[in-house]
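Read the structure below first, then the notes.
The values are calculated or read from the model by the stated rules, or taken from the named source; none is laboratory data. Please read all numbers here as calculations on a predicted model, not as lab measurements. Every residue, glycine as well, gets a Cβ built from its backbone with ideal geometry; the counts of neighbours run over all protein chains shown. Each accessible area value is taken on the protein alone, full model and side chains, heavy atoms only, with ligands, DNA and RNA left out. Shrake-Rupley method; radii C 1.70, N 1.55, O 1.52, S 1.80 Å.
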Amino acid sequence: QVQLVESGGGLVQAGGSLRLSCAASRSLFSINRMGWYRQAPGKQRELVAAITKGGSTNYADSVKGRFTISRDNANNTIYLQMNSLKPEDTAVYYCNANMWLIDYWGQGTQVTVSS
């Protein structure tokens, strides 16, 4: 099992930046893949960005070029740097860890982008 604790959400104006953090309770090398998902009101949860144990990344088309996922193995933490934020990025952002085909989730952090 793994526990995930997110931080870094908040309110920002369009065009601004935020950085989300997700601290895991175990070594990132024991986790196959970690990622960030988001869920806006009335919409399904969607993948924003993911990073594998080997460091490969993938992004939703809607955030490519604006968001960057990274990892700090020494501190068992992943980050999501979000630049050029848009109102449509408003959502609850969830950290995800996939280990042995089981998904674990953080509690979520609200990101609100005002126009």
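For this structure, a couple of remarks:
- Selected residue [among the hydrophobic types (A, V, I, L, M, F, W, C) and open to solvent by 60 Å² or more (accessible area, probe 1.4 Å)] from L28, L85, L11, L4: L11
- Some residue of the stretch 55-62 being open to solvent by 20 Å² or more (accessible area, probe 1.4 Å), on the phi > 0 side of the Ramachandran plot and at pLDDT below 95: yes
- Condition broken by A97, with the remaining ones in (1) farther than 19 Å from G9 by Cβ; (2) at pLDDT 95 or above satisfied: (1)
- Any hit, the stretch 52-66, residues being touching a residue at least 24 places away in the same chain (Cβ under 8 Å) and part of a strand (DSSP E or B): no
- Residue check, Q44 surrounded by fewer than 13 Cβ atoms within 10 Å (Cβ to Cβ), touching an Asp or Glu at 6+ places or on another chain (Cβ under 9 Å) and either in contact (Cβ under 8 Å) with a residue 12 or more places away in the chain or not basic (K, R) (or both): no
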